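**Student:** Dropping a structure here in structure tokens format, bear with me for questions.
The values are calculated or read from the model by the stated rules, or taken from the named source; none is laboratory data. As the structure is a computational prediction, the values presented were derived from the model and not from experiment. Reconstructed Cβ throughout: ideal geometry from the backbone, glycine too, with neighbour counts over all protein chains shown. Heavy atoms of the whole protein, side chains included, go into the accessibility calculation; ligands, DNA and RNA do not. Shrake-Rupley method; radii C 1.70, N 1.55, O 1.52, S 1.80 Å.
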Amino acid sequence: MNIGICGSHRTGKTTLAAAIAKQKQIKFVKTNTSGVFAEHGLDPSQPLDFKTRLSIQHHVIEAAITIWQAETKAFITDRTPIDFMAYTLAEIQGDTEVDYSQLESYLNKCFKVCKQYFNKLIILQPAIPLVYETGKAALNRAYMEHLNSLTQGLCADERQHCTSILIPRQTLSIEERIDLVG
């Protein structure tokens, strides 16, 4: 069974994935979204126009697919296609020029990849104290809430076929979070 942790940045996805991997004795497969941005000369904390966002998100999912498909046994990872879709959608504002056919194609690809690689998704909501780190996404609580809403909506979308577990906001300790995952 492959498990994906999804949610806004700065919610503890990587920490929880590593802890679950240790407890369940499965492999932790760490993604490197920030590294993909850096390879393409972009900063994940800066807003992007639609064309640039969609381009980098294609690179992000391809990098993730490369590491996920290399796994032959059960694993847990700290990002999922749900995250990639949420970040793509979060950049779209009322006046954003969007090529909807390109967006829809990307979203469908993400749902397909999610179905292909994951059996269970764990949704982490913004709750833990925020700490600034260079090279990480912006510490904007409103933006994080926007991503949280998008993530939950995408997990409920009819095209999404994985079981998902929502970790309540008040569940802050790593032990309690692990217990909820089961």
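**Student:** Could you work out the mean projected area of the convex hull around the alpha carbons of the chain, in square nanometres to one decimal?
**Tutor:** So the Cα hull casts an average projection of 9.9 nm².
**Student:** Continuing with this model, one more query. Quick check for you: which residues of the range 97-127 have the amide N under 19 Å from the point 7 Å beyond the Cα of E176 toward its beta carbon?
**Tutor:** Taking a point 7 Å out along Cα→Cβ of E176, the residues of the range 97-127 whose backbone N falls under 19 Å are 122-127.
**Student:** Each label point is 7 Å from the Cα along the Cα-to-Cβ direction; what then is the distance between the points at R169 and S105, in nm?
**Tutor:** Going by the 7 Å Cα→Cβ label model, 3.9 nm.
**Student:** How far is helix 50-69 tilted off the main Cα axis of the chain, in degrees rounded to 10, range 0 to 90?
**Tutor:** Orientation of helix 50-69: about 30 degrees from the principal axis.
**Student:** Follow-up. Could the peptides 76-89, 4-17 be put in order, highest first, of the mean number of other beta-carbon atoms found within 10 Å of their residues? Working shown, then result.
**Tutor:** Values: 76-89: 25.8, 4-17: 23.6.
In descending order of packing, they fall as 76-89, 4-17.
**Student:** Student exercise: in the range 1-121, how many lysine pairs 8 or more apart or on different chains have Cα atoms under 21 Å apart?
**Tutor:** Number of lysine pairs found: 26.
**Student:** Using the Cα centre as the reference, give the magnitude of the dipole from point charges on the C-beta atoms of the chain (Lys, Arg: +1; Asp, Glu: -1; all else neutral), rounded to the nearest 20 debye.
**Tutor:** 720 debye
**Student:** Working from the pairwise distances between different alpha carbons, so that the mean of 1/r is found and then inverted, what is the range 67-159's Kirkwood radius in Å?
**Tutor:** 15.0 Å
**Student:** While we're looking at this one, here's another question. When you have a sec, figure out the Kirkwood radius of the range 1-76 from all distinct Cα pair distances and drop it here in Å to one decimal?
**Tutor:** 13.7 Å
**Student:** Starting from the Cα of F28, step 7 Å along the direction of its Cβ; do the same at S149; then give the gap between the two resulting points in nm.
**Tutor:** For the pair F28/S149, the computed spacing is 3.2 nm.
**Student:** Further question: Can you give the accessible area per residue of the range 1-145, in Å², using a 1.4 Å probe?
**Tutor:** Counting only protein heavy atoms, the per-residue value for the range 1-145 is 49 Å².
**Student:** Could I ask something else about it? Restricting attention to the range 113-178, which chymotrypsin sites (Phe, Trp or Tyr not before Pro) occupy a DSSP loop and are surrounded by at most 11 other Cβ atoms within 10 Å?
**Tutor:** Counting only loop positions with at most 11 other Cβ atoms within 10 Å, the chymotrypsin sites (Phe, Trp or Tyr not before Pro) in the range 113-178 are Y132.
**Student:** Step through the residues of the range 111-116 one at a time and calculate ³J(HN,Hα) from phi using the Karplus curve (6.51 cos²θ - 1.76 cosθ + 1.60, θ = phi - 60°), rounding each to whole Hz and writing x for Gly and Pro.
**Tutor:** Result, rounded to whole Hz: 4, 4, 5, 4, 5, 5.
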